[in-house]
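Just below is one structure, and these are the notes that go with it.
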Amino acid sequence: MSIVLKSPREIECMRQAGRIVALVLAELRTAAQAGVTTATLDRLALEIIAREGGEPAFRGYREYPATICTSVNDEVLHGIPGRRVLRAGDLLKLDVGVCWQGMYADAAVSVVVGRGSQLAHRLVEVVEEAFWAGYTMARPGRYLGDIGAAIEEIVRRNGFSVIEEYAGHGVGRALHEEPSVPNHAEAGRGILLRSGMTLAIEPMISAGSGQTLVKRDGWTVVTRDGSLAAHYEHTVWISESGPVILTQL
């Protein structure tokens, strides 16, 4: 396994990429209203990225056809924007990646359109809580398994399921790097975390079994039992003093 430790200059470039990611997500949160199509959100994201001098990381990646991922309700991730019209109560996952001077950053949020159900709001709360539990473990001297174990403990304690078939990942010089960052693991196991590592930590959870399948478009991942799903992600730099989020304003 080849893990790339980032230089201070590379971290600054990732911070700039992350700032644009955060800006896009902030504006998309506001724009994600009932009656809006997911294609409209995609166009808005591309406009913001271009305006800020970045490059969309997802468009063209393994032939992915859009700037962002928009996954709704039982769709977990990799949903392709299109003609779908958002409805009040939808649980929307927004995933954005940006490249800045050759360095990448990646983040995602889950948004309830309108008022939504108690279950949808609870899923959003728990997936964010799970992220922060994993985030606190991302420090030198800890192990990769500590991140997944912390995430899994929060999810299961709240009666939800970790989606085990997908994981976070290293990020930086490429959109996806080593190591894989699973959301279920045994504490104290896996690689030793070191200063200079950059990880996309991204819990994905469901209200059902957590099993998934991929739709005919070859991209969109849905829960096998049709249950609601939530996703939350930040790009995290492991500094000497602990974890730092790079995808924020």
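Just so you know, all these numbers are worked out from the coordinates, no wet-lab data involved. Note that this is a predicted model, so its numbers are computed, not measured. Quick reminder, even Gly has a Cβ in these numbers, built from the backbone with ideal geometry, and neighbours come from all protein chains shown.
A helix-only calculation puts the chain at -9500 deg cm²/dmol for mean residue ellipticity at 222 nm, using -39500 (n - 2.57) for each DSSP H run of at least four residues, averaged over all residues.
Rounded to whole numbers, the Karplus 3J(HN,Hα) couplings from phi for region 32-38 are 7, 10, 4, x, 8, 8, 5 Hz, using 6.51 cos²θ - 1.76 cosθ + 1.60 with θ = phi - 60°, and x at Gly and Pro. Remark: region 236-249, residue by residue, has Karplus-estimated 3J(HN,Hα) of 10, 9, 8, 8, 4, 9, x, x, 9, 7, 9, 9, 8, 7 Hz, where x stands for each Gly or Pro and the curve is 6.51 cos²θ - 1.76 cosθ + 1.60 at θ = phi - 60°. The Cα center of region 96-145 and the Cα center of region 165-218 differ in position by 11 Å. Among G208, G190, G18, whose mean-square fluctuation peaks in a Gaussian network model of the chain (Cα, cutoff 10 Å)? Fluctuation is largest for G190.
Dipole magnitude for region 8-245: computed about the Cα centre from +1 point charges on Lys and Arg Cβ and -1 point charges on Asp and Glu Cβ, it is near 360 debye. Coupling constants for region 142-151 follow from the phi torsions by the Karplus curve (6.51 cos²θ - 1.76 cosθ + 1.60, θ = phi - 60°), and in residue order they are 7, 10, 4, x, 5, 5, x, 5, 5, 5 Hz; glycine and proline get x. Farthest towards the positive end of the charge dipole of region 8-245, among the residues G35, I80, V124, is the Cα of G35, using unit charges on the Cβ of Lys, Arg, Asp and Glu.
Note: relative contact order over region 8-245, using C-alpha pairs below 8 Å and six or more positions apart, is 21 percent. Hey, if you put +1 on the Cβ of every Lys and Arg and -1 on every Asp and Glu Cβ in the chain, which of L192, L175, S2 ends up farthest toward the positive end of that dipole? Towards the positive end, the residue furthest out is L175.
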